[in-house]
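Right, one structure below, let's go through it.
The values are calculated or read from the model by the stated rules, or taken from the named source; none is laboratory data. Since this is a predicted model, take the numbers as computed values, not measurements. For neighbour counting, all protein chains shown are included, and Cβ atoms are generated from backbone atoms with ideal geometry for every residue, glycine included. What goes into the accessible areas is simple: the full protein's heavy atoms, side chains included, and nothing from ligands, DNA or RNA. Shrake-Rupley method; radii C 1.70, N 1.55, O 1.52, S 1.80 Å.
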Amino acid sequence: MRILVMGGTWFLGKQIVQQALARGWDVTTFNRGRSGADVPGVQAVRGDRTVADDLSRLASSGPWDAVVDTSSSEMPPRDVLRAVRALRKRARRWVHVSTVSVYQGWPHQPITETSPVLDCPPDADESFGWTGADGSPTAYGFQKAGAERAVQQAFGDSCVLLRPGAILGPEEYVGRLPWWLARTARGGRVLAPAPAERHIQPVDVRDVARFAVDQAAATSAGAYNITHPEGITFQGFLDACFTVTRGPGRPVWAEPGLLSEHAVKQWTELPLWRAHKGVWAVDSTRAAGDGLRCRPLVETIADTWAWLQDDGRPVDHPRWAEHGIDPDKEAKILAALG
Ligand SMILES: NC(=O)c1ccc[n+]([C@@H]2O[C@H](COP(=O)([O-])OP(=O)(O)OC[C@H]3O[C@@H](n4cnc5c(N)ncnc54)[C@H](OP(=O)(O)O)[C@@H]3O)[C@@H](O)[C@H]2O)c1
């Protein structure tokens, strides 16, 4: 197998590269050389995917059996369209990493792959889309939906769309699990979002990568939701964080009403918490049927803590700083809880 990974130097793209190399595949990567080092063993092509000349130069390094695209999270659809057009004749298949944010109903309703997707043209620029007052839908979701249409326009039945929810694991740069680990390590009374028994469905980056690599060699088409089939309760998640960090503390559960009275921002101030009923009701039966295997999340938590102890964070990233509640604000809410 000969594959091209768009990106390939950090988090999901890096995992995909490592796993493809471990299978003995020939791997080309394409990036600007800003976000991380090349994985040894790849053929690295430098360039900016928003620049037509760079894409032409990349195309001349092909052909490939498949392209796996992990690097379009900040791209408007028209840039994704330019890339798929430039590479259409050089690759048989395109595996596109998208997101559950493309669904109109997320996070309000249960989601399957047949749920309606936000409407965005495949050649839209960055101004297309809007974010609702409660954070749903998002401009990001519109843009990713337009990117999916761009890929489908060029590759038709020779593409798959992977729609993960939250991705955690070693080298996470967003800062969700790292924040909870740091907070439980500090110990004491830790503000936690009730109900404790609520199931959450994040997935391990290594499991998403394995499925993406499997899909590069497969012949399936269409979309796959990528969420943890069993998930873990918030209580189980925090218990595992306390266990691995040996933090001397305990969770103190606050009802959503109290958190909103104190204007706690969902998804960021208490990472992975969102009160909407459909947020973790994303069905991944199709992916499980086609080989998605998710390790227990306690393993993800332990391995992420081990990574933080060894390496810290890979690069500074603005999203890291968005996560976590200010200690004074947390103390005020804990005081209100008695
Ligand atoms: N993290 C999550 O929880 C989550 C959840 C759902 C979906 N997703 C999706 O998962 C995908 C993978 O995310 P990720 O965080 O691993 O990677 P990412 O941030 O989307 O991409 C980073 C990679 O792309 C390269 N890159 C960025 N801009 C480039 C450009 N203009 N030209 C060429 N290369 C460029 C970077 O290298 P250089 O900077 O060196 O160019 C780096 O290798 C994304 O599509 C994201 O939307 C993530």
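Mean projection of the alpha-carbon convex hull of the chain over all orientations, in nm²? Walk me through the numbers before you get to the answer.
Values: hull surface 63.9 nm².
Hull-based average projected area comes out at 16.0 nm².
About its Cα centre, what dipole magnitude does the chain give when the only charges are +1 on Lys and Arg Cβ and -1 on Asp and Glu Cβ, stated in debye to the nearest 20? Show your work: numbers first, answer last.
Numbers: 38 positive and 39 negative charges, 100 e Å.
It comes to approximately 480 debye.
If each residue of separation counts as 0.36 nm, what is the full-extension length gain between GLN43 and LYS277 once their alpha-carbon separation is subtracted?
Numbers: separation 234, 0.36 × 234 = 84.24 nm, distance 4.48 nm.
Result: 79.8 nm gained on full extension.
Roll a 1.4 Å probe over the protein chains and send me the accessible area per residue for the chain in Å².
Details: 13820 Å² over 338 residues.
With all protein chains present, the chain gives 41 Å² per residue.
For the charge dipole of the chain, defined by +1 on Lys and Arg C-beta atoms and -1 on Asp and Glu C-beta atoms about the Cα centroid, which residue among PRO318, GLN266, ALA91 has the Cα displaced farthest towards the positive pole?
Final value for the positive-end residue is ALA91.
Helix 176-186 against the longest principal axis of the chain: what's the angle in degrees, Cα atoms only, rounded to the nearest 10?
30
Put SER127, SER73, SER284 in order of accessible area, largest first, 1.4 Å probe: what do you get? Working shown, then result.
On the way: SER127 90, SER73 50, SER284 5 Å².
Sorted descending by solvent-accessible area, the residues read SER127, SER73, SER284.
Report the charge-dipole magnitude of segment 152-272 in Debye, nearest 20, computed about the Cα centre from +1 at each Lys and Arg Cβ and -1 at each Asp and Glu Cβ. Display every interim value, and only then the final one.
Values: 11 positive and 12 negative charges, 91 e Å.
For this selection, approximately 440 debye.
Quick one: 3J(HN,Hα) in Hz for segment 134-148, Karplus 6.51/-1.76/1.60 with θ = phi - 60°, rounded, Gly and Pro as x.
Result, ordered by residue: 9, x, 8, x, 10, 4, 4, x, 4, 5, 5, 5, x, 5, 4 Hz.
If a paramagnetic tag sat 7 Å from the Cα of ARG2 along the Cα-Cβ line, which residues of segment 83-119 would have the backbone N under 14 Å from that point?
89-93
Any idea which of GLY24, SER127, THR138 is furthest toward the positive side of the dipole for the chain, if Lys and Arg beta-carbons carry +1 and Asp and Glu beta-carbons -1?
Ranked along the dipole, the leading option is GLY24.
Would you list, by chain and number, the aspartates and glutamates whose Cα falls below 15 Å from the Cα of LYS89, excluding same-chain residues fewer than 8 positions away?
Within the straight-line limit of under 15 Å, LYS89 reaches these aspartates and glutamates: ASP65, ASP157.
With axes computed from alpha carbons, what is the tilt in degrees of helix 205-216 against the longest principal axis of the chain, rounded to the nearest 10 within 0 to 90?
20
Output ³J(HN,Hα) for segment 7-23: one whole-Hz value per residue in order, computed from phi by the Karplus curve 6.51 cos²θ - 1.76 cosθ + 1.60 with θ = phi - 60°, and x for Gly and Pro.
Listing the rounded values in order: x, x, 10, 7, 6, 4, x, 5, 4, 4, 4, 4, 6, 5, 4, 4, 7 Hz.
Projected onto the charge dipole of segment 22-154 (+1 at Lys/Arg Cβ, -1 at Asp/Glu Cβ, origin at the Cα centre), which of VAL102, GLY41, ALA154 gives the Cα projection farthest towards the positive end?
Of the candidates, GLY41 comes out farthest on the positive side.
Over the chain, with every protein chain in place, what whole percent of the accessible area is carbon and sulfur at 1.4 Å, could you tell me?
Working: 6860 of 13820 Å².
The C+S portion of the solvent-accessible surface of the chain is 50 percent.
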